[in-house]
Amino acid sequence: MPPETPRPETAHRETRRDARAPDVASLDARLRAVERLAHDTDPGGDTPADDIAALADRLDTVERRLDDLDAATQALQGYVGDFEAVNESVERRANAALAAAERPPAAHPIPDLPDPDPTPEPAQNADSRDAGFLARLLGK
């Protein structure tokens with residue numbers, strides 16, 4: 001015997017009832033999931049508020065440590081910057097000394113006059129040397 005086919009006037013009721021049955025079950029499961037989230041029945045005793053407070057404390061601790069690290073980094077950068085400034089100053093002075101040492105000796109400012117004798121004669125005093133230089137400048 002073939003299975004009974006529903007009568008056309010009641011066929012839509014059975015389909016609606018069958019379609020509604022899974023919807024009620026899925027709604028019930030969803031409602032229970034929402035209630036679990038809202039009322040947190042975790043046996044550990046931690047509620048979402050406790051978790052949030054713990055996370056806020058950890059965040060405060062991390063922010064303090066980050067501020068300390070930032071301050072230490074800035075101090076080190078300043079310390080290294082001071083060394084670089086000192087090194088640049090020493091390098092400039094060393095370069096100036098090297099340039100002065102490598103510079104050829106200056107020629108006499110007046111090329112037609114001979115260079116004065118670097119060792120004065122013991123018999124002359126300072127006034128006679130000055131008079132000789134002045135006389136040479138004035139052409140006497």
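Each reported figure results from applying straightforward, stated rules to the coordinates on display, with no laboratory input. What you see is a predicted model; the values in this text were computed from it and never measured.
Evaluating 6.51 cos²θ - 1.76 cosθ + 1.60 at θ = phi - 60° for every residue in the range 49-65, the Karplus couplings come out as 5, 5, 4, 5, 5, 5, 5, 5, 5, 5, 5, 4, 5, 5, 5, 5, 5 Hz, glycine and proline recorded as x.
Computed from the Kirkwood radius of its Cα pairs, the Stokes-Einstein diffusion coefficient for the range 48-103 at 4 °C and 1.567 mPa s stands at 85 µm²/s.
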